[in-house]
């Protein structure tokens, strides 16, 4: 596919409302620059299985392998406040998802037993756990939030989300805080958000991409709404996914599965589309899994034509 056609498709994507218009020009320039230096966008053309062999982070490799073997690119977010409800969701969704994402600081009856049960379910169903903390303070504070306190996140969360606003120091602090943790860990760096009016644009966006690509030994991917990196070992985690495009009246913008996968999503985050489904967790999970996986298979087949 030519740079011209990519840019045209990108323009269509923007005008249809899938991306903030003021970011378009910067992204098209990025596409053009990649072509000049001869960088292939292997992230969108290779299968998850092939990309697993190219990842620098062992956890990124593991995640890509399980996505390939389980044939799922679904991440379910458990924005729920009761431990038993979260565990029910984890058990029902587990066999069909790659990642379960939680917010431990909204759980009203959090306890250590809950974490043990959650880890057991994740192991049983061969899925990973993400704590969506979106760390964004200075390095020392982030290190303490990660290892200490009530939640001791580093001890159980395979992955965390981190804002890039603090710069490289936050990544250095997280690397240091992992001393003594034997299991592999990784972070998703927040480059873009799915909320209306987000400020994660321009220079902020460029800096986040650079941080991720230069620290892929720990950073396994980007939280973003569009294709920002060509590195096959980095994953794109895209939130705000529902079967139909919509909004929640509180700034959250939803896009459908095919749209987000075509925009580069490797993992699509679904929350209320599943947790509030009238027909139960399992049926909703299977619906999203099917839609997302079909879109992924179509993406890699089209890009390899």
*What do you reckon, is residue 268 under 21 Å from residue 92 (Cα atoms) and out of contact with any strand residue (DSSP E or B) (no Cβ under 9 Å at 6 or more places or on another chain)?*
no
*What are the residues in the stretch 173-193 that are surrounded by fewer than 20 Cβ atoms within 10 Å (Cβ to Cβ) and either part of a helix (DSSP H, G or I) or in contact with a strand residue (DSSP E or B) (Cβ under 9 Å, 6 or more places away or on another chain) (or both), if any?*
175, 176
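Do any strands (runs of 3 or more DSSP E) entirely within the stretch 71-146 hold 3 or more residues that are touching a helix residue (DSSP H, G or I) at 6+ places or on another chain (Cβ under 8 Å) and closer than 20 Å to residue 284 by Cβ, and if so, which? Steps first, please.
Values: elements: 74-78, 99-102, 128-135.
Counting at least 3 such residues, we get 74-78, 99-102.
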*Some residue of the stretch 135-147 being touching a strand residue (DSSP E or B) at 6+ places or on another chain (Cβ under 6 Å), modelled with pLDDT under 95 and closer than 27 Å to residue 253 by Cβ*: yes
*Residues of the stretch 86-102 being without any contact (Cβ under 8 Å) to a residue 40 or more places away in the chain, surrounded by fewer than 22 Cβ atoms within 10 Å (Cβ to Cβ) and either farther than 23 Å from residue 61 by Cβ or in contact with a strand residue (DSSP E or B) (Cβ under 6 Å, 6 or more places away or on another chain) (or both), which ones?*
87, 91
*Do we find a residue being farther than 23 Å from residue 211 by Cα, buried (at least 20 other Cβ atoms within 10 Å of the Cβ), at pLDDT 95 or above and under 17 Å from the mean Cα position of the chain (by Cα) anywhere in the stretch 103-120?*
no
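The values are calculated or read from the model by the stated rules, or taken from the named source; none is laboratory data. Just so you know, these numbers come straight off a predicted model, no measurement behind them. Note that each Cβ is placed from the backbone with ideal geometry, even for glycine, and that neighbours are counted across all protein chains shown.
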